1. Restrict the check to segment A:94-108 and report whether at least one residue is within 14 Å of another protein chain (Cβ to nearest Cβ) and surrounded by 17 or more Cβ atoms within 10 Å (Cβ to Cβ).
2. B:Arg63 - would you say it is facing another protein chain (nearest Cβ under 9 Å) and surrounded by fewer than 23 Cβ atoms within 10 Å (Cβ to Cβ)?
3. Based on this model, can you work out whether A:Asp113 counts as at pLDDT below 95 and either touching a Cys at 6+ places or on another chain (Cβ under 6 Å) or surrounded by fewer than 18 Cβ atoms within 10 Å (Cβ to Cβ) (or both)?
4. Report whether or not B:Ala119 is in the same structural domain as B:Arg32 (by TED's automatic domain parsing), in contact with a strand residue (DSSP E or B) (Cβ under 7 Å, 6 or more places away or on another chain) and on the phi > 0 side of the Ramachandran plot.
5. Please go through segment A:218-255 and pick out each residue that is closer than 24 Å to A:Cys86 by Cα, charged (D, E, K, R) and surrounded by 15 or more Cβ atoms within 10 Å (Cβ to Cβ).
6. Counting just the residues of segment B:35-53 that are surrounded by fewer than 22 Cβ atoms within 10 Å (Cβ to Cβ) and within 18 Å of the chain's Cα centre (by Cα), which one comes out farthest from B:Arg114 (Cα to Cα)?
7. Just name the residue that is farthest from the other protein chains (Cβ to nearest Cβ) out of those in segment A:139-163 that are assigned to a loop (DSSP other than H, G, I, E, B) and under 30 Å from B:Arg34 (Cα atoms).
8. Mind checking whether some residue in segment A:77-86 is within 26 Å of A:Ile37 (Cα to Cα), in contact with a strand residue (DSSP E or B) (Cβ under 8 Å, 6 or more places away or on another chain) and surrounded by fewer than 19 Cβ atoms within 10 Å (Cβ to Cβ)?
Amino acid sequence: MRKPKLAVWKFASCDGCQLSLLDCEDELLAVAGAVEIAYFPEATRGVVRGPYDVSLVEGSVTTPHDAERLHTVRRQSRTLITIGACATAGGIQALRNFKDVREFTQAVYARPDFIDTLATSTPIKAHVNVDFELHGCPINKHQLLEVLAAFLNARKPNTPSHSVCVECKLRGTACVLVRGIPCLGPVTHAGCGAICPAYNRGCYGCFGPMETPNAPSLSRKLAACGMGERDLQRVYSTFNVGELPFREEAARHGS
Amino acid sequence: MNDHAAAVITHEGLGGLIAGLRAEGFRVIGPRLRDQAIVYDDIESVADLPAGWTDEQEGGHYRVRRREDAALFGYNVGPHAWKRFLHPPLLRLWRAERSADGMTVTATSEPAERYAFLAVRSCELHAIAIQDRVFLQGPYVDPHYKARREGAFIVAVNCGQAGGTCFCTSMNTGPKAEEGFDLSLTELLGDRHEFLVEVGSERGAALLAAVPHRPAERQDAAQAANAVARAEGNMGRHMRSDDVRELLLANLEHPRWDDVAERCLTCGNCTMVCPTCFCTAVEDENDLAGNAAERKRRWDSCFTMDFSYIHGGSVRSSGRSRYRQWMTHKLANWVDQFGTSGCVGCGRCITWCPVGIDITEEVRAIRGEGGSDGRA
C-alpha cells in the first residue's frame with residue numbers, strides 16, 4: 001500500500017510550529033515510517049510533486065502573493081490541517097489589523113515602496129476550506145502526533161476544547177489564580193498540558209479561546225489581582241488577538 | 001463503635017504509626033506543603049507534614065500562612081481530594097496490538113500497592129463513603145476504584161478549626177469523624193503537643209498497640225472535644241440543607257441561574273476539586289502505523305461542551321444550563337440517584353472557583369434571601 005504523502009507549508013509565521021514536527025525526535029522515525037514526507041522545505045530540499053494526502057499549513061496570510069499561493073496548496077491537498085495560532089487566528093501579526101499598516105512600513109523600512117503587504121493578517125480559514133485546526137503558539141508536539149495518527153487512521157482527534165484548568169487539575173497543580181497570580185487558563189483552550197501554572201506562572205493564552213470563554217468575568221478577577229486597564233487590554237492582545245472573544249475583551253479595556 | 005479505649009501519642013508515636021504503615025507495605029499519602037498550597041502526596045515521616053502552616057480561604061482565594069504554633073494538622077482541606085488516588089485523573093484501561101492472527105487486547109493490571117491516607121477530614125470520609133456508593137454499591141462495580149479502595153488504611157484527623165469556606169455542619173458531615181476510619185486523631189495543642197487517638201478497626205488497634213502511647217485521661221478527651229467544638233463554632237459558611245432538593249427543583253427557571261451564568265467561567269474547576277464528582281470521559285488513541293491502540297479514561301466535567309455532546313451538538317450549550325445541571329445534581333438529583341446529597345460541605349468549589357462563585361450564596365439567592373451571602 002502506498003504511504004500517504006505529507007506536505008508542510010509555510011505562510012507568515014516564525015516556523016516554530018513546523019519545528020514541532022522535527023522536535024518529535026523519538027517519534028520522528030515513526031512519522032517517516034507512516035507517511036512519505038513529500039514537501040517540507042524546512043527539513044529537506046527534496047520535493048515530491050503533489051497532490052498530497054495531508055497538508056500541514058503554518059502561518060497567516062499577509063501578502064497578496066500568499067493569498068494566491070494558498071489556493072494552489074488547497075487544490076493539491078486532500079486534507080488540509082492548520083497548525084498554530086498564525087494559521088488558525090492570524091497570529092501576533094494580526095495586531096496590524098487594528099492599525100494602519102502603511103505607517104508601520106514607513107517607520108520600519110528605508111524603502112517602504114518595495115513592500116507589498118496586505119492591511120490585515122488573516123487565518124487560513126478566511127481564504128480556503130480547512131479540515132482541522134490545531135491550536136497553540138507553538139502547537140504541542142504530542143497533539144500534532146495525535147492529529148496525524150487520527151487522520152491516518154480515519155478517526156476524530158482527541159484535542160479537547162475545554163479550559164486549561166482541566167489540564168491543571170489532571171496534573172494536580174494548585175490553581176495559581178486562586179493563589180493570586182493572574183492567569184488566562186479559565187478562558188484558554190487546552191492542549192499545552194498546562195505548563196506555565198505548573199511552574200507558578202499564569203497562563204498566557206497561547207492556545208486561544210476555549211470553547212465557551214467568559215472573558216468579562218475573568219477580567220474582573222484579573223483586575224482584583226491588581227491588573228490595570230492597559231494590562232487587561234494587552235493580555236488579550238497577543239498571539240490569538242484575531243480570535244473574536246479575545247479581540248472583543250481587549251477592546252473593552254485600555255486607555 | 002468498638003471496645004478500644006482512646007489513647008494519647010506524641011510526635012514519636014505518630015512517627016511510629018507512619019513507619020508502621022510503611023513497614024506493612026502501605027504507600028502513605030498525607031498533607032505536604034508544595035507550591036504554596038497544602039496538597040496530598042507521599043509521606044515518609046512526620047517531617048514531611050506541614051508543621052506550623054495553615055491556610056486562609058475565601059471565595060476564589062487561598063493562601064498558606066504561618067501559624068503561631070507548630071500544629072501538624074492546623075490547616076483545612078486544600079486543592080486535592082482523596083479521589084485523586086482512589087479514582088485517578090488519568091487511567092489507561094487497555095492496550096491492543098495487531099498480531100499475525102488478529103488483535104491482542106491487554107487490560108491494564110490494577111496496582112498491587114495499598115494506600116494509607118493520613119489526615120482524612122470528616123467531610124472527606126463522607127465524600128469517600130459517597131464515592132463508595134457510586135462505584136461499589138450500585139449494579140455496576142468499578143473495578144479500578146475497588147482495587148484501590150479495598151484495603152486502604154484511613155487515619156482520620158478531627159478538625160480543630162474550620163476554614164473560611166467550610167460548611168460541614170450544614171451538611172451533617174463533620175467536623176468530628178464518626179466512622180469510616182481505622183484510627184482517628186485529634187491534635188492536642190498546648191504545653192504538651194500530643195494527639196488523642198480513637199480506634200475504628202481491629203487493624204487500627206493493632207497498629208496503635210505497636211507504637212508508644214498512654215491511655216487517654218479525662219482532660220485529654222475534654223481538650224479534644226473542645227477542639228472539635230471550636231471547629232463547629234467557626235464554620236466559614238452555612239447552608240440550610242433540609243429542603244434544598246425541593247427548593248432547587250421548584251426553581252429551575254429562577255432568574256438567579258442567569259445571574260450566576262454571567263459570572264461562571266464554565267472552566268470546570270468546581271467539578272475537578274469536588275471530592276464526590278466522579279464523571280469521566282473515555283478516549284481511544286492509536287499509533288501512527290495503526291498497529292496499536294489504547295483506551296484511556298480521564299476526569300471529565302459537566303461544564304465542558306463535549307460532556308453533553310450528542311448527534312447535532314451539545315445539549316447543555318449555555319453556561320446557565322451547565323451550572324444548573326451541576327448544582328441541581330449535586331444538591332437535589334443526587335439524593336434520588338444515590339440516597340444522599342452529593343455535597344459534603346468541604347467548601348472546595350467555593351475556594352477554587354477562580355471567580356469565587358459560592359454554592360451556599362446561590363442557594364440563599366434562590367431561596368429569596370438575596371443580598372446576603374453564606375458567610376457565617
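The values are calculated or read from the model by the stated rules, or taken from the named source; none is laboratory data. On a predicted model such as this, the values are computed, not experimentally measured, just so you know. Because the Cβ atoms are built from the backbone with ideal geometry, glycine has one as well, and the counts that use them run over all protein chains shown.
1. First pass over segment A:94-108, keeping only residues within 14 Å of another protein chain (Cβ to nearest Cβ): none.
For segment A:94-108, residues within 14 Å of another protein chain (Cβ to nearest Cβ) and surrounded by 17 or more Cβ atoms within 10 Å (Cβ to Cβ): absent.
2. On the way: facing another protein chain (nearest Cβ under 9 Å): yes; surrounded by fewer than 23 Cβ atoms within 10 Å (Cβ to Cβ): yes.
So B:Arg63 passes the test.
3. Numbers: at pLDDT below 95: yes; either touching a Cys at 6+ places or on another chain (Cβ under 6 Å) or surrounded by fewer than 18 Cβ atoms within 10 Å (Cβ to Cβ) (or both): yes.
So A:Asp113 fits the description; yes.
4. On the way: in the same structural domain as B:Arg32 (by TED's automatic domain parsing): yes; in contact with a strand residue (DSSP E or B) (Cβ under 7 Å, 6 or more places away or on another chain): yes; on the phi > 0 side of the Ramachandran plot: yes.
Considered against the rule, which asks whether it is in the same structural domain as B:Arg32 (by TED's automatic domain parsing), in contact with a strand residue (DSSP E or B) (Cβ under 7 Å, 6 or more places away or on another chain) and on the phi > 0 side of the Ramachandran plot, B:Ala119 comes out as yes.
5. A:Asp231, A:Arg234, A:Glu243, A:Arg247, A:Glu249
6. Taking the candidates together, the pick is B:Val39.
7. Taking segment A:139-163 and keeping what is assigned to a loop (DSSP other than H, G, I, E, B), we get A:139-140, A:153-162.
Now narrow it down to the ones that are under 30 Å from B:Arg34 (Cα atoms): A:139-140, A:159-162.
Numbers: A:Ile139: 17, A:Asn140: 15, A:Thr159: 10, A:Pro160: 6, A:Ser161: 7, A:His162: 4 Å.
Among residues in segment A:139-163 that are assigned to a loop (DSSP other than H, G, I, E, B) and under 30 Å from B:Arg34 (Cα atoms), the one farthest from the other protein chains (Cβ to nearest Cβ) is A:Ile139.
8. From segment A:77-86, those within 26 Å of A:Ile37 (Cα to Cα) are A:77-86; that's our starting set.
Next, only the ones that are in contact with a strand residue (DSSP E or B) (Cβ under 8 Å, 6 or more places away or on another chain) stay: A:77-84, A:86.
This time we only want the ones that are surrounded by fewer than 19 Cβ atoms within 10 Å (Cβ to Cβ), so: A:78-79.
The answer is yes; a qualifying residue exists.
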